[in-house]
Structure formats: structure tokens, C-alpha cells
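Encoded as C-alpha cells, the structure appears first; notes follow it.
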Amino acid sequence: MDLKSYIRTIPDYPTQGVQFRDITTILEDSNAFRYCVDRLYQRYQNTAFDALAVIESRGFVFGSALAYLLHVPLLVIRKKGKLPGKTISANYKLEYGTSSLEVHVDALEDSDRVILIDDLIATGGTVCAAAELIRKLGGDPVECAVVIELVDLNGRENIAPLPLFSLVTFHEDET
Ligand code: AMP
């Protein structure tokens, strides 16, 4: 499948100069969505790990379908102030702004091997903050998987040595 053709690009959203890669057009096509989840399933069906960590909010969409198929626990990493229990937090810089992620303190067992899921990696700041939270809980992030990798923003290098698996790559000048 030509997955790229299902991703809509919206120029100058949410701020001038950002090429927003919109995954709602994947979700609106049942074959394209199934293709994404199936490819992630193929990647991880024979991997030994204990939990999937999904990053709010578009990571939830792909990650929850994958957790169902793989029959593994789902650990939610949310934006500040959304989780009701006791949390720890990590700050990070976005391509457009700054933010903070949180996780419940009792969400993992010590030494749990965790795979992180988000829709897209740009600079890698979000994934770094999520991986930091997992490590603070005593967990071991083993890989990060995304649907879209914006290669010019060097996310892959910035999250190293954490490996990155992506389904498609985009350069900034692609429309
Ligand atoms: P970063 O922390 O720079 O890797 O940014 C990744 C996060 O910001 C992901 O959760 C994305 O959903 C969102 N994001 C950043 N840049 C874009 C973009 N150009 N198009 C769509 N989403 C983006």
C-alpha cells in the first residue's frame, strides 16, 4: 500500500512554516488504518516485551489497536493534568511550543520492557520525555514505533540509542 497517499499535508498549521502531517485521513480509510496496525503487529508479534506505552493523543489510536492484537498491557502517557492518580512528569520542547507529559507512578513493574507508540516523530523531544518517564518508573524502553518520521528534524538521532521503527518518512519540502 502507498501509505503516504493517505496522509494529508496541511501547510502552516498550527503555526506558520509547519507542514502538518495529518493522520485523520488514514483513520478515515479502514484499509489504510488496518495496514498501519498490521505492520506494527508484524514488527512486534515475536518481540519479548511487557507493555506498550502510548503517547497522547494520536499515539492512543494506533497503540490501543496494537495492544488489543498483541494482548499486552497498555500504559498511557498523557499531557499534564489529565491523569487522576499520583503521577511523575517530564518536560519537553515541541516543534511548535513546549509541554509536559505525565504517567501514573504505579503503571509499571520494575524492569518491564516497554515499546513506545506515537503517530509521528519530529525532533524526538516527545519520545525522549516519554522514555525518561518509563526509565524513572524502573522500566526499560526497548524501541519506539511511529507511523510518520519527519527525517529532516533528526528525531531518530535525537532519541538514540533508543531504536526507531517508522512506517513512512517525509522530507520538509514534500507537499
Ligand atoms: P517532536 O517532539 O518534535 O518529535 O514532535 C512529535 C509530536 O508532535 C507528535 O506527538 C506529533 O503528533 C506532533 N507533531 C510535531 N510535528 C508535527 C507535524 N509536522 N505534523 C503533525 N504532528 C506533528
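Whether any residue in segment 36-43 is open to solvent by 70 Å² or more (accessible area, probe 1.4 Å) and on the phi > 0 side of the Ramachandran plot is what I want to check. So far as segment 36-43 goes, no, none of its residues is open to solvent by 70 Å² or more (accessible area, probe 1.4 Å) and on the phi > 0 side of the Ramachandran plot. For beta carbons closer than 6 Å, sequence separation of 6+ or different chains, a first residue in segment 35-62 that is free of Cβ contacts under 8 Å to residues at least 60 places away in the same chain and a second that is within 16 Å of the ligand (Cβ to nearest atom), the qualifying pairs are Glu56/Arg78; Glu56/Lys79; Phe60/Val54. Total residues in segment 90-114 satisfying the condition of being of a type in the set (S, T, N, Q), within 15 Å of the ligand (Cβ to nearest atom) and either under 19 Å from Ala48 (Cβ atoms) or open to solvent by less than 80 Å² (accessible area, probe 1.4 Å) (or both): the figure is 2.
Contact annotation: residue pairs with Cβ atoms under 8 Å, 6 or more positions apart or on different chains, pairing a residue in segment 131-146 that is basic (Lys, Arg) with a partner that is at pLDDT 95 or above and surrounded by 18 or more Cβ atoms within 10 Å (Cβ to Cβ), are Arg135/Pro141; Lys136/Ala90. Where residues in segment 132-158 are more than 26 Å from Phe33 (Cα to Cα) and open to solvent by less than 20 Å² (accessible area, probe 1.4 Å), which of them is farthest from the ligand (Cβ to nearest atom)? If we take residues in segment 132-158 being more than 26 Å from Phe33 (Cα to Cα) and open to solvent by less than 20 Å² (accessible area, probe 1.4 Å), then Gly139 is farthest from the ligand (Cβ to nearest atom). Against the test of being touching a helix residue (DSSP H, G or I) at 6+ places or on another chain (Cβ under 9 Å) and either farther than 16 Å from Leu133 by Cα or at pLDDT 95 or above (or both), the options Val103, Val18 yield a single qualifying residue, Val103.
Yes/no per residue for (1) assigned to a strand (DSSP E or B); (2) among the aromatic types (Phe, Trp, Tyr); (3) within 22 Å of Arg113 (Cα to Cα):
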{"position": "Tyr13", "(1), (2), (3)": "no, yes, no"}
{"position": "Val37", "(1), (2), (3)": "no, no, yes"}
{"position": "Gln42", "(1), (2), (3)": "no, no, yes"}
{"position": "Phe62", "(1), (2), (3)": "no, yes, yes"}
{"position": "Tyr68", "(1), (2), (3)": "no, yes, yes"}
{"position": "Val76", "(1), (2), (3)": "yes, no, yes"}
{"position": "Pro84", "(1), (2), (3)": "no, no, no"}
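Within segment 158-175, residues that are in contact (Cβ under 8 Å) with a residue 40 or more places away in the chain sit with their Cβ atoms under 7 Å from residues that are open to solvent by 50 Å² or more (accessible area, probe 1.4 Å), at 6+ positions apart or across chains, in these pairs: Leu164/Arg156; Phe165/Arg43; Leu167/Arg39; Val168/Lys4; Glu172/Asp152. For the criterion of being open to solvent by 10 Å² or more (accessible area, probe 1.4 Å) and in contact with a strand residue (DSSP E or B) (Cβ under 6 Å, 6 or more places away or on another chain), Ala129 fails. Is it the case, given these coordinates, that Ile117 is in contact (Cβ under 8 Å) with a residue 40 or more places away in the chain, open to solvent by less than 10 Å² (accessible area, probe 1.4 Å) and either assigned to a loop (DSSP other than H, G, I, E, B) or closer than 26 Å to Leu27 by Cβ (or both)? It is true that Ile117 is in contact (Cβ under 8 Å) with a residue 40 or more places away in the chain, open to solvent by less than 10 Å² (accessible area, probe 1.4 Å) and either assigned to a loop (DSSP other than H, G, I, E, B) or closer than 26 Å to Leu27 by Cβ (or both).
The values are calculated or read from the model by the stated rules, or taken from the named source; none is laboratory data. Everything numeric here is computed off the predicted structure, so don't read it as measured data. Glycine gets a Cβ as well: all are built from the backbone with ideal geometry, and neighbour counts include every protein chain shown. Protein only, heavy atoms only, side chains kept; ligands, DNA and RNA dropped before computing areas. Shrake-Rupley method; radii C 1.70, N 1.55, O 1.52, S 1.80 Å.
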